[in-house]
Amino acid sequence: MYDIISLEGDYLKLSEITKETLYDVDIQKIEFESTSVIEIVSSDSELGLLKRSGNKNLKICLPLCLSIGSLDGMKCLKRTELEKYINLNENKLFENGFDFKYEYNKLIKYANIATKIRIWSSHLDCDDYCLLLYLCYLLNDKNISVIYSEELDWKATTLGSVSEKELKILEQKEHILKPVEKDNFSNEWEKLIKDNTELRFMVNGKVISKDINYFDNDIVKKMEKLGRVNIHTLVAELMGNPIIPSVKYSDWIYIYLINRLINNELIEKSVENNITYVEVTR
């Protein structure tokens, strides 16, 4: 388990952290509401939904993008290797300045005094599901519950696709995790760390780990049919007609994969009138 908080090179064991120690950490002090419940989501859109709903619990957003990239940085609280792939024109995954270490410290600080940690997840979205695994690994001794978005409707792949009215219904489908369930999720996370491939996706509710080039040939073949194409048109085509029908990637993941092909000179990028186009170079 990741039992450290990184503070400019110094490390504290989780078991040694007290409420007083945590208040010395330079993070924003947020007043807990009477419920002392932490809500954890994986995207800004999900965070916005909870805020608009009038939910008064402490909310933490962890867009760790765990379906893509090496997991080596998790121990030092860094996922910055993704930025060079995501930043394509206006598509900026980290445009709001997400700071993993900051959010981690805030989470650990309040997890030690929370009565419950509620994770919004999905068996249909790899980022959401992997975040659940990671948090059960990290906070295994805490009171954790989970709500799966697809239990509302199979089209609700993430919380972000749920309306405020539907949110009230979904909240009633909360599962309090038993110790054995937390252990099982934690073991799944340890397996992902051991495999440490750079591409992960969901098939039948399970995480599949593959090499980062797994979809390369399929993307190139699709581009050969389309010819020189607007990057957004290509992404929409990949999302609308996924290579593996059950794999529902977000647009930014396809941008990640396309950027990788550009960096490896398998496809070529050009800009015309502020519009990015891509085409096969071979």
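The values are calculated or read from the model by the stated rules, or taken from the named source; none is laboratory data. Every value quoted in this text rests on a predicted model; they were computed, and no experiment measured them. Neighbour counts run over all protein chains shown; Cβ positions are idealised from the backbone, glycine included.
Structural remarks
- Scanning segment 258-275 for residues that are modelled with pLDDT of 90 or more and touching a helix residue (DSSP H, G or I) at 6+ places or on another chain (Cβ under 6 Å) yields Ile267, Lys269.
- Residues satisfying the stated conditions in segment 133-182, i.e. of a type in the set (Phe, Trp, Tyr), farther than 12 Å from Ser122 by Cα and in contact with a Leu (Cβ under 9 Å, 6 or more places away or on another chain): Tyr134
- When we screen Gly54, Gly73 for residues that are at pLDDT 50 or above and either not in a loop (DSSP other than H, G, I, E, B) or not assigned by TED's automatic domain parsing to the domain that holds Lys116 (or both), the only hit is Gly73.
- In segment 198-238, the residues that are without any contact (Cβ under 8 Å) to a residue 12 or more places away in the chain, β-branched (Val, Ile, Thr) and within 19 Å of Leu66 (Cβ to Cβ): Ile208
- Hits in segment 244-271 - residues which are surrounded by 15 or more Cβ atoms within 10 Å (Cβ to Cβ), more than 20 Å from the chain's Cα centre (by Cα) and within 21 Å of Cys65 (Cα to Cα): Leu261, Ile262
- Annotation note: of Cys126, Cys136, the sole residue that is in the same structural domain as Ile60 (by TED's automatic domain parsing), modelled with pLDDT of 95 or more, closer than 24 Å to Gly73 by Cα and hydrophobic (A, V, I, L, M, F, W, C) is Cys136.
- Within segment 181-237, being of a type in the set (Lys, Arg) and loosely packed, with under 14 Cβ neighbours inside 10 Å holds for Lys191, Lys194, Lys206, Lys210, Lys221, Lys225, Arg228.
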